[in-house]
Amino acid sequence: MALYTHHLPDWKRREVEEIKQATGGYSLVGLVDMYGIPAAQLQQIRRNLRGIAVIRMARNTLMHHAFAELGGEFEQVRKYINGNSALIYSNENPFRLFKLLEQNKTKMAAKAGQAAPEDIVVEKGPTSFKPGPIVGELQQAGIPAGIEGGKVRIKETKTVVKKGAIINARQADVLAKLGIKPMDVGLVLQVAFYQGSAFEPDVLNIDEQAILDQIGLAATQAFNLSVNAAIPTAETIGAILARAEREARSLGVEAPVYAKEIVGAIIGKAYRETAAVRTAVGEY
């Protein structure tokens, strides 16, 4: 704490106090990575998140000051602060906020030196290019190409860059010319602190449909267990009674136990058995 007790200029002190005040005014405080986001896109993201989340940019040292002075659980925030961090405040739960940030990402052309977020594949087929230097450029980037019908045609589907590999200048140039935009650009949630817990992206990045399917399967299995084990609940009592009635009816018919409700079924069973015997005797 000693690092943060020295005097700050007035303007820095005001900003630290504003960060602290904002942190106490929302149920969620988090950090987002701003790296590589064009100004126009950032403005659009702010508009899309209006009323949902507030993005605040501040110097890293001032964020460290603010969270150190807040202490407690907010001390944990400091370890996530890096050179491109900005603050995000919201009253949404972290799962919904993460999803909203993902939905606000857009695709952009790759730049030399960036890592491929996934396998970058160029599909075979015709292009809009007329014969010219582009054929050699494609081939130099590892994409087999030729001339067909007065147009440049890619001869076979090719993985140009494997996931995680660095995109070189030649590949970046060719991908841009082909209109392939593999890079997701937007706010990347680094961490969200909500109700005393820290949520990192790998926890928040869930497949909602898969979770719903699992919940549905669990509910079905619980229902079946309750019915088969005859454990009555408000949801299963009807099915348990219906099953018991069917089993009692079947037992009464097989025994046979003469009762008004099943005498018709007993007679029907006897008739079928008599008919079967007649058929068997008739064969001899």
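Every number here is computed from the coordinates shown, using simple stated rules; none is lab data. Everything numeric here is computed off the predicted structure, so don't read it as measured data. Cβ: placed from backbone, ideal geometry, glycine included. Neighbour counts: every protein chain shown.
What do you get for the angle between helix 39-48 and the principal long axis of the chain? Use alpha-carbon atoms, 0 to 90 degrees, nearest ten.
40 degrees
Quote to one decimal, in nm, the extra length available between residue 280 and residue 99 on full extension: 0.36 nm per residue of separation minus the C-alpha distance between them. Intermediate results must be reported in sequence, preceding the final value.
Details: separation 181, 0.36 × 181 = 65.16 nm, distance 7.08 nm.
Gain on extension, residue 280 to residue 99, equals 58.1 nm.
With Cβ to Cβ distances under 12 Å as the rule, what net charge do the other residues near residue 170 carry (K, R +1; D, E -1)?
-1
Could you give the C-alpha radius of gyration of region 1-95 expressed as a fraction of 2.2 N^0.38 Å, taking N as the number of residues it contains? Don't jump to the answer; show the numbers that get you there.
Working: Rg = 13.7 Å, N = 95, 2.2 N^0.38 = 12.4 Å.
Dividing the Cα radius of gyration by 2.2 N^0.38 Å gives 1.10.
For residue 206 and residue 123, calculate 0.36 nm times their separation in residues minus their Cα-Cα distance, and state this gained length in nm to one decimal. Kindly include the intermediate steps, with their values, before the conclusion.
Values: separation 83, 0.36 × 83 = 29.88 nm, distance 2.98 nm.
The residue 206-residue 123 span can extend by a further 26.9 nm.
For Rg and Dmax of the Cα atoms in Å, which listed value, (1) 23.3, 72; (2) 34.1, 114; (3) 18.8, 56, comes from the coordinates shown?
Recomputing Rg and Dmax of the Cα atoms in Å here gives the entry labelled (2).
Which Rg and Dmax, in Å, describe the Cα atoms of region 120-183?
11.2, 36
Taking the chain as a Gaussian network, Cα atoms linked when under 10 Å apart, which of 243, 78, 14 shows the biggest mean-square fluctuation?
243
Pull out the extension gain between residue 169 and residue 52, defined as 0.36 nm times the separation in residues minus the alpha carbon to alpha carbon distance; nm, one decimal.
Value of the extension gain: 38.2 nm.
For the pair residue 224 and residue 43, what calculated FRET efficiency results from E = 1/(1 + (r/R0)^6), where r is the Cβ-Cβ distance and R0 = 45 Å, to the nearest 0.05? Show your work: numbers first, answer last.
Values: r = 53 Å, r/R0 = 1.19.
The calculated FRET efficiency here is 0.25.
Picking from 213, 33, 202, which is most flexible by a Gaussian network model of the chain using Cα springs under 10 Å?
213
What residue among 256, 266, 280 has its Cα farthest toward the positive end of the dipole of region 210-282, where the charges are +1 on Lys, Arg and -1 on Asp, Glu, each on the Cβ?
It is 280.
Filter the GluC sites (Glu not before Pro) in region 65-142 down to the DSSP loop ones having no more than 12 other Cβ atoms within 10 Å, then list what survives. Can you show the working numbers first?
Values: sites: 69, 73, 75, 92, 102, 118, 123, 137; in loops: 92, 118, 123.
Counting only loop positions with at most 12 other Cβ atoms within 10 Å, the GluC sites (Glu not before Pro) in region 65-142 are 118, 123.
If the elastic network links every pair of Cα atoms under 10 Å, which of 79, 151, 269 fluctuates the most in the Gaussian network model of the chain?
269
Give the angle, between 0 and 90 degrees and rounded to the nearest 10, that separates the Cα long axis of helix 10-24 from the longest principal axis of the Cα atoms of the chain.
0 degrees
Between residue 213 and residue 156, how many nm apart are label points set 7 Å from Cα along the C-beta direction?
Taking the two extended label points, one gets 3.4 nm.
Residue by residue, what Karplus-based ³J(HN,Hα) values in Hz, rounded to whole numbers, does region 188-202 have, using 6.51, -1.76 and 1.60 with θ = phi - 60° and x for Gly and Pro?
For region 188-202, the Karplus curve yields 9, 6, 8, 6, 10, 9, 8, 6, x, 10, 9, 10, 9, x, 5 Hz.
Quick one: helix 94-103 against the long Cα principal axis of the chain, what's the angle to the nearest 10°, folded into 0 to 90?
The answer is roughly 70 degrees.
Which value in nm describes the separation of the simple spin-label points at residue 11 and residue 79, placed 7 Å from the Cα toward the beta carbon?
The modelled label-to-label distance comes out at 3.4 nm.
Got the relative contact order for region 120-183 handy, in percent, Cα pairs under 8 Å and 6 or more residues apart? Please report the intermediate quantities before stating the final value.
Numbers: 85 pairs, mean separation 24.4, N = 64.
Reported relative contact order: 38 percent.
Taking the Cα of residue 91, stepping 7 Å toward and past its beta carbon, and measuring to each backbone N in region 22-52: which are under 13 Å?
Flagged as within label range: 25-28, 51-52.
When the C-alpha atoms of region 210-282 are aligned to their principal axes, what extent does each axis show, in angstrom, from largest down?
Result for region 210-282: principal-axis Cα extents of 62, 28, 15 Å.
Which listed residue (117, 237, 178) has the Cα farthest towards the positive end of the charge dipole for the chain, taking +1 on Lys and Arg C-beta and -1 on Asp and Glu C-beta about the Cα centre?
Value: 178.
Could you give the radius of gyration (one decimal) and Dmax (whole number) of the Cα atoms in region 149-284, in Å?
Over region 149-284's Cα set, Rg and Dmax evaluate to 34.1, 92 Å.
Which FRET efficiency value, to the nearest 0.05, is calculated for residue 34 and residue 177 with the Förster distance at 30 angstrom and r the Cβ-Cβ distance?
Efficiency computed from Cβ-Cβ geometry: 0.60.
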